[in-house]
Amino acid sequence: MDDIVIFGSSGFVASNFIKLYSHHFNNVFAIDKEKINNKEKKNIHFFQCDLTQQRHLENIIYKLPNNAIFVNFISRQYQDIPPYKNRQDWFNEINVRVAKKIYNLANEKSVKGLIQFSTDMVYGQQDEALICENSQTKPIGEYGISKNIMEQNLLKSYSFRKTIFRPRLISGLGRLGILSKLFFLFYYNLPVPMIGNGHNYYQMIDVNECSKALKMVLTPLADKKIDK
């Protein structure tokens, strides 16, 4: 399969995807501020790079292939502890402005396609029980707003093929998140607080399923021929 360029390669989903599926690609170009643990694989080329710094981006542009597939996992989230002031701009710095740099680079490199990981928070609170991809966006909080701005910029300003993932809470080995508090209560046989009657289910997705879905999208993109 073709070359793939992964931005935010040390993140939870990205590192899981690289571990499971990197062998399906000729080359994997992994870009992140943090180091990854998969460098021992011969087809993985890692670049430690802070994309908020223009000079860092310029240092890797010529090292990335043309006609590859880009996947953008880079994101600033609430778990990164946002500041009290200028919170929207803090989220926008990564989720909007760095994303735009990646989209411009994708254009320059004539990508076969770009896959952007977003969030279900762009939908906000919907009246209908079933949320579809064409449901109206009503983003929640600064994070959701920044992701919605990012998505609209991608959809309206670039002609290359693009796919947007909007997962809910992603869970898996090494990332329990708020569930760790719930399991703590279970373990010590403590009361579990409930809101309502307990029948209001919350949907989650396993990280392995998320990686599998990404692989399913990548396969037809890799088979797509570039028009000369």
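3J(HN,Hα) along the range 161-166: 5, 9, 9, 10, 9, 10 Hz, from the Karplus curve 6.51 cos²θ - 1.76 cosθ + 1.60 with θ = phi - 60°, whole Hz, x for Gly and Pro. Computed over the chain, relative contact order equals 20 percent, with contacts defined as Cα pairs under 8 Å that lie 6+ residues apart. Judged by the mean number of other Cβ atoms found within 10 Å, the most tightly packed of the peptides 87-93, 182-188, 11-17 leads the ranking 11-17, 87-93, 182-188. Can you pick out the pairs among 100/212; 41/63; 33/100 whose Cα atoms lie more than 20 Å from each other? From 100/212; 41/63; 33/100, over 20 Å: 100/212. When each of the peptides 194-207, 58-71 is scored by how many other beta carbons lie within 10 Å of its residues on average, the order from highest to lowest is 58-71, 194-207. The listed residues 166, 161, 55, once ranked by accessible area (1.4 Å probe) with the largest placed first, stand as 55, 161, 166.
Label-to-label distance for residue 53 and residue 140 is 3.6 nm, based on points extended 7 Å past Cα in the beta-carbon direction.
Annotation: aspartates and glutamates with alpha-carbon distance below 12 angstrom to residue 162 (same-chain offsets under eight excluded): 151. Along the range 126-138 the Karplus relation, 6.51 cos²θ - 1.76 cosθ + 1.60 evaluated at θ = phi - 60°, assigns HN-Hα couplings of 9, 6, 7, 6, 9, 9, 9, 5, 9, 5, 5, 7, 9 Hz to successive residues, with x for each Gly and Pro.
Extents of the chain, taken as max minus min of Cα coordinates on every principal axis and listed largest first, are 61, 38, 36 Å. On the beta carbon distance between residue 34 and residue 88, with R0 = 25 Å, the FRET formula returns roughly 0.50. Checking the cross-link filter: which aspartates and glutamates have an alpha carbon closer than 20 Å to that of residue 85, excluding same-chain neighbours under 8 positions apart? Residue 85 reaches 93, 142.
Straight-line reach from residue 19: taking Cα to Cα under 12 Å and skipping same-chain neighbours fewer than 8 places apart, the aspartates and glutamates in range are 40. Taking all protein chains as they are arranged and a probe of 1.4 Å, the heavy atoms of residue 23 leave approximately 130 Å² accessible to solvent. Length available on full extension from residue 101 to residue 1: 0.36 nm per residue minus the Cα-Cα distance, which gives 33.4 nm.
The values are calculated or read from the model by the stated rules, or taken from the named source; none is laboratory data. All values reported here derive from a predicted model rather than from experimental measurement. Cβ coordinates were reconstructed from backbone atoms using ideal geometry, including for glycine residues, and neighbour counts include every protein chain displayed. We work out accessible area using only protein heavy atoms, side chains counted, and drop any ligands, DNA or RNA first. Shrake-Rupley method; radii C 1.70, N 1.55, O 1.52, S 1.80 Å.
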